[in-house]
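Notes to accompany the following structure.
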Amino acid sequence: MAELNTDVRFLKGVGEQRARLLAKLGIHNTRELLEYFPRAYEDRSVTVPIAQAPFDQSVCISATVSAPPLLSRVRRGMELVKLRAFDDTGAVDITFFNQNYVKNALHQGETYIFYGKIGGSPMRRTMSNPDYESARRAGAKTGRIMPRYRLCRGLSNAHMMGYVRECLDMAAGKVPDPLPESMREKYALADAGFAYENIHFPAGFSALEAARRRLVFQEFFVLACALGAVRGSRRRDGGVPVPRPDTERFYASLSFEPTGAQRRAVDEALRDMSQPCPMNRLVQGDVGSGKTLVAAACAWAAGQAGMQTAFMAPTEILAEQHLKTLTCFLSPFGMRVDKLTGSMTAKEKREVKVRLASGETALVVGTHALLTADVEFSSPALVITDEQHRFGVNQRGALSAKGKRAHTLVMSATPIPRTLALMIYGDLDVSVIDELPPGRQKVDTFTVNESYRQRLYGFMEKLVREGRQVFVVCPMVEENDETDCQLKSAEEHAKELAARFPHLRVECVHGRMKAAEKNSVMAAVVRGEVDILVSTTVIEVGVDVPNAALMVVENAERFGLSQLHQLRGRVGRGGHKSWCILVSDSRTEEARARLSAMCRTNDGFRISEEDLRLRGPGDFFGSRQHGLPEMHIAGLGGGMDVLKTAQDAAHELLKDDPELRRPENAALRERVRALFEAKSDTLN
Ligand code: ADP
Ligand code: MG
């Protein structure tokens, strides 16, 4: 195991600089490198005769260079090396752009394997910038299935292949296998060594398939074991029963009538809380379904019994919003609501801590600052987490250790398909708020292409003139993403809009901004001081701007369905008629299916089912939408059947060895531990 956690700097050719580039891709040690699976493969295993090579499809040909390659200068900064090569069936004109060294690397009369796309016509076939190697020493770049890695500037595919190769050689025979042998036999799964070798350097397509199947299974299996272990340890705790008050007194204080779904969720939670074992309930409801009220009612019930509640918000902005709302709900009952966030002064924090320790504060709303060791409650009873996916395992661990035996209520606006929820949450209880407060308008959704851009801008301006605010979301642009050229980056798009609407207030928030900067822009948005906010998906979570009436999503095909649904939920929160416009030029079947599902329905659950159907569970997890760790196998496929099998296998194993103490399960325990420790990963 130790060998696999070796720093990548120990690999040949990886110095400080390359290590930094690898870190950008999330690779710090050899294990992460081995789990950096190719995003695609190129079939270079067969060589075809030139005359039979299909056009516009990458193939290998074996051809002999007929004359010395010629170098020519087309214009400044553009040089070509041209040559002609032939086999028994025909000839091809090959051009290399700006690769002068090729002139001396390829020799007349020598045979090479070229890999590239055949262009031109049957009369004159051509190939540009092929990859090549001498037919006498073939096997490194051709004659095999080649992995293609996701890269970043400064790291080539060849670099990655070299590092992975070295790493595999180093680990050969030493890769610990988290799947015990009995399990591999039972489910006919390849062993770890074979799987890592063949996912990177497949010996053939069936080997690749076997590797893929095994790795997909492994990810689901380790996850299922981790969730199972959490569950097991949870059951062993005892809780603090909170007597059930008459909720009508609480409802009577509201300025509106709670919906039936809200009442039901409150009843379910209060019933759990009255029990001596700790509640562990998830409240799922679409954005705007009124989850905060459910949280408030539970905190109120605890407060009635003189017990305290901690309410965790993912960001300062949200903590601020919740503070206001919850104060409105609870202050009529003389309950004190406080806030504890990182940006408060030491003095302010100290005062809140004193009130928490004395029991004066009934409910504290906070961010991570709530989790520091010196925060003490006099009688903690309930922990509420909003938008759980922003919290890591460690943080949740810290919180439950603090409020030991506290009841937990997690609120999520990301509906999870029922089929998956059952598997993921197992014995976590779920309340669903499937009814929106009355008078809520449906957000009208349209998909448009570039040709509508002028009309779209006109519409944006019209709404702003009417006093509304507009959100524009752009996809996160990854460096070196080959398809990037037409993608709108939030920053550039904001500049474009600012130039186009000089009289409007256009602002931008994106992931690379410091938290304080982001917060100050968001605060201005909430105050109505920004007309158009351009952002990456950082605004996705919870911020309530009732005045926002239009959500524009650029390159909408780039977003998952659930994500689009979340984004759409940012508008239509006030009484104003609201719209969501998905801008996309994509014509792929899948993108069209996804976007049209968005236009058809506003129901988050239907959308999540559709998302699962379109993407499969691996990709579904990969989006990190569900508070679950990102999976390496996202993109490798793997259907519900694999997930189900892995789940059953995990249950079976945990029944025999609930804490993974057996020696044959040591490697598995290690993986489960790693899953919990991964810094950015989140798991509930
Ligand atoms: P979310 O589920 O997205 O967290 P909120 O709790 O923020 O939703 O509620 C959204 C808005 O709906 C808030 O302004 C809230 O006051 C209002 N609201 C909640 N429940 C009701 C109700 N039963 N009737 C009318 N308005 C409600
Ligand atoms: Mg909310």
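Of note:
- In a reduced charge model with +1 at each Lys and Arg Cβ and -1 at each Asp and Glu Cβ, the range 443-601 shows a dipole moment near 720 debye about its Cα centre.
- Remark: C-alpha extents of the chain on the principal axes read 93, 68, 46 Å, sorted largest to smallest.
- With a threshold of 20 Å on the Cα-Cα distance, the over-threshold entries among 442/488; 24/174; 347/514; 186/644 are 442/488; 24/174; 347/514.
- Electrostatic dipole magnitude of the range 141-248 [Cβ: Lys, Arg +1; Asp, Glu -1; Cα centre; debye, to 20]: 280
- Backbone HN-Hα couplings from phi across the range 192-207 [Karplus 6.51/-1.76/1.60, Hz, Gly and Pro as x]: 4, x, 4, 5, 5, 4, 7, 6, 8, 10, x, 6, x, 5, 6, 5
- Computed about its Cα centre, the charge dipole of the chain is approximately 980 debye, with only Lys, Arg, Asp and Glu carrying charge at their Cβ.
- Residue-count net charge about residue 298 - beta-carbon cut-off 12 Å; Lys, Arg +1, Asp, Glu -1: +1
- Sequence-distant residues sharing a close amide H with residue 336 (under 5 Å, placed H): 362, 363
- Relative intensity, log₁₀ I(q)/I(0), of the range 1-139 from a Debye sum that treats every alpha carbon as a point, q = 0.20 Å⁻¹: -1.04
- Structure-based [θ]222 nm, the chain - -39500 (n - 2.57) summed over DSSP H runs of at least 4, per residue, nearest 500: -12000 deg cm²/dmol
- With semi-axes defined as the square roots of five times the eigenvalues of the C-alpha gyration tensor, the equivalent ellipsoid of the range 37-99 measures 25, 19, 9 Å, largest first.
- By DSSP, the beta bridges lying fully in the chain are antiparallel in about 35 percent of cases.
- Table column - 3J(HN,Hα) (Hz), the range 434-450, Karplus curve with 6.51, -1.76, 1.60, x for Gly and Pro: 10, 9, 8, x, x, x, 6, 8, 6, 7, 6, 10, 9, 9, 10, 10, 3
- Partner aspartates and glutamates whose Cα lies under 12 Å from the Cα of residue 577, excluding those fewer than 8 positions away in the same chain, are identified as 444, 466.
- Proportion of all alpha-carbon pairs of the range 443-601 beyond 18 Å (%): 56
- Packing rank of 148-161, 562-575, 437-450, where each peptide gets the mean count of other beta carbons within 10 Å, highest leading: 562-575, 148-161, 437-450
- For the range 163-229 and the range 75-112, distance of Cα centres in Å: 41
Throughout, read-outs are computed from the coordinates displayed, never taken from laboratory work. Values in this document were obtained by computation on a predicted structure and should not be read as measured data. No Cβ is skipped: glycine too gets one built from the backbone with ideal geometry, and neighbour counts run over all protein chains shown.
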